[in-house]
Amino acid sequence: RASFPNNCKIVQLNYTDNPWFPKVLDDQRIEDKEKRPDMYEHIWSGGFLIYSEGSYYSAEMRRAKDEDRITKVRYDRAKGVVTSWDLGVGDSTSIVFSQFIGTEIHIIDYYEASGAGLEHYAKVLQDKGYVYDQHVFPHDVRVRELGTGKSRLEVANELGIDFEVAPRLEVDHGIESVRNTLADCYFDRVKCKTGLDALRQYRKQLDDKNQVFKNKPLHDWCSHASDAFRYGCVHDPIDTSDWDKPINIDTKYVV
């Protein structure tokens, strides 16, 4: 186990500290800066790996950071909250909490868990204390489960949650909608940390044999948050100014 004196200073080095840095590598560095900007800081300046190669939203998320749109975002009590969901059974269920403030979209909160029923998430909504305008579910919410014979939409309604269902669109169309939407988004950097990391690293599948990216997303831990955000982006907002139905559930159902 190594130990260092108290006055020891750790210095991070990169290519600029090498006086014999060859021109052929400098040419590669310049090319990477132009063609792989999301990886440049990591490869050449020793920065942390924030974005993955093949990530869908690296440019948009980098712009959000540069424009200080990843910051402290407060809940506006004068506005309702819209939630968008990705429903998992064996996988995680994710919820994105948003507010539409003028032309801006404020992502104020994010929640993710696995191995829990809808009763758990209804309790989460209740405990957050937000006033909700709308809850957006993915299109497969209407599928009936073999165990109960009920769809999760029916279960949600029994719990007092009124959901809208996102249209069934091709994933590529949804990804383009997310790209267009991200320019208007402000993210709470603390409450949305996991969701932010997922959006940064949501990426295409890699064809290992040919070492090229396929035109389809990789399904991993990033998928749940990214899908929940995508469902919110493809769903048309509706006029819910008079919608103030409270979320109330019987605690005997809480898991």
So which residues in segment 151-179 are charged (D, E, K, R), part of a helix (DSSP H, G or I) and closer than 14 Å to D86 by Cα? R152
Residue list for segment 80-100, filter: in a loop (DSSP other than H, G, I, E, B), free of Cβ contacts under 8 Å to residues at least 40 places away in the same chain and of a type outside the set (A, V, I, L, M, F, W, C): G90
Can you spot a residue in segment 237-246 that is in contact with a strand residue (DSSP E or B) (Cβ under 8 Å, 6 or more places away or on another chain) and modelled with pLDDT of 75 or more? no
So which of T181, T103 ends up being within 22 Å of M61 (Cβ to Cβ), hydroxyl-bearing (S, T, Y) and surrounded by fewer than 13 Cβ atoms within 10 Å (Cβ to Cβ)? T103
If I go through segment 158-174 residue by residue, how many of them are open to solvent by less than 10 Å² (accessible area, probe 1.4 Å) and either within 14 Å of T71 (Cα to Cα) or out of contact with any Pro (no Cβ under 8 Å at 6 or more places or on another chain) (or both)? 2
Among (1) open to solvent by less than 30 Å² (accessible area, probe 1.4 Å); (2) over 18 Å from H219 (Cα atoms); (3) among the β-branched types (V, I, T), which single condition is T93 missing? (2)
Looking at segment 60-99, which of the residues that are within 13 Å of the chain's Cα centre (by Cα) and acidic (D, E) is nearest to V165 (Cα to Cα)? D86
Restricting to segment 38-61, what's the tally of residues that are open to solvent by 30 Å² or more (accessible area, probe 1.4 Å), modelled with pLDDT under 90 and closer than 16 Å to L182 by Cβ? 3
Which of the residues belonging to segment 69-79 are assigned to a strand (DSSP E or B) and of a type outside the set (S, T, N, Q)? I70
Filtering segment 185-225 down to residues that are at pLDDT 95 or above and not hydrophobic (A, V, I, L, M, F, W, C) yields Y186, D188, R189, K191, K193, T194, G195
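The values are calculated or read from the model by the stated rules, or taken from the named source; none is laboratory data. Bear in mind the structure is a predicted one, so any value in this text is a computation, not a measurement. Note that each Cβ is placed from the backbone with ideal geometry, even for glycine, and that neighbours are counted across all protein chains shown. Remember, those area values only see protein heavy atoms, side chains included, never the ligands or the DNA or RNA. Shrake-Rupley method; radii C 1.70, N 1.55, O 1.52, S 1.80 Å.
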